[in-house]
Amino acid sequence: MVYLTISTGVGGGVVLDGRLYRGSSGNGGELGHVTVDWDGRACRGCGRRGCLEAYVSGTSIAERAREAIRADGNSSLASLADPTAADVAAAAEAGDALAHSVWSETVNALACGLTSIVNLFEPELVVIGGGVARTGEQLLGPVRKRVREDAMKPAGEAADIVASALGDRVGVVGAAAIVHERAAAFSA
Ligand SMILES: [Zn+2]
């Protein structure tokens, strides 16, 4: 399975054959830095361009909305001092054209990055968590459809893309699971 947290940044985790994949130094599974546009927006997390994180993080959604408002002030978001990703999602849902365009770009970037990830691992399950995932099917519905269409045949059909059921407890439950796993290995 693959986990993606979409929050102020984008983090990830990969469970391969029942075990968390750590990589050679413990940082394996940095899925937020999969490239979706090699000449794209600067990524604050790693300094490269066009990472998934540079488009779909809550920070980037808000930033892209501010840029669009500066270029074309015609949006319900223009009346807000500091529109957040949640404001963009709500305005897009309410039919605001500028917010809809920012949201569509978010959906496209996430579908693009996830398609590469799904092709790479052919996971059974893709779980999406983090604050931006609270928009639920507004995000996951179109992303699920695109990944199913765009991914290689068996991979796209096998991957179930769902919202995290653990909500904000996901980090502490994960930490507890690691302690449990290490304690079990130690006592074995
Ligand atoms: Zn990056």
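Between Arg49, Arg66, Arg146, the distinction of being under 16 Å from the mean Cα position of the chain (by Cα), open to solvent by 50 Å² or more (accessible area, probe 1.4 Å) and either away from the ligand (no atom under 16 Å from the Cβ) or under 20 Å from Val10 (Cα atoms) (or both) belongs to Arg146 only. Against the numbered list (1) crowded, with 22+ Cβ neighbours inside 10 Å; (2) away from the ligand (no atom under 12 Å from the Cβ), Ser57 comes up short only at (2). Considering only the stretch 110-130, state which residues are in a helix (DSSP H, G or I) and open to solvent by 10 Å² or more (accessible area, probe 1.4 Å). Correct list: Cys112, Thr115, Ser116, Asn119, Leu120, Phe121. Scanning the stretch 140-170 for residues that are in contact with a strand residue (DSSP E or B) (Cβ under 6 Å, 6 or more places away or on another chain) and over 13 Å from Val126 (Cα atoms) yields one hit, Val170.
The values are calculated or read from the model by the stated rules, or taken from the named source; none is laboratory data. Predicted, not measured: the structure shown is a model, and the values here were computed from it. Here Cβ is always computed from backbone atoms with ideal geometry, including for glycine, and neighbour counts include all displayed protein chains. Just so you know, the surface numbers come from the protein's heavy atoms only, side chains and all, with ligands and any DNA or RNA stripped out. Shrake-Rupley method; radii C 1.70, N 1.55, O 1.52, S 1.80 Å.
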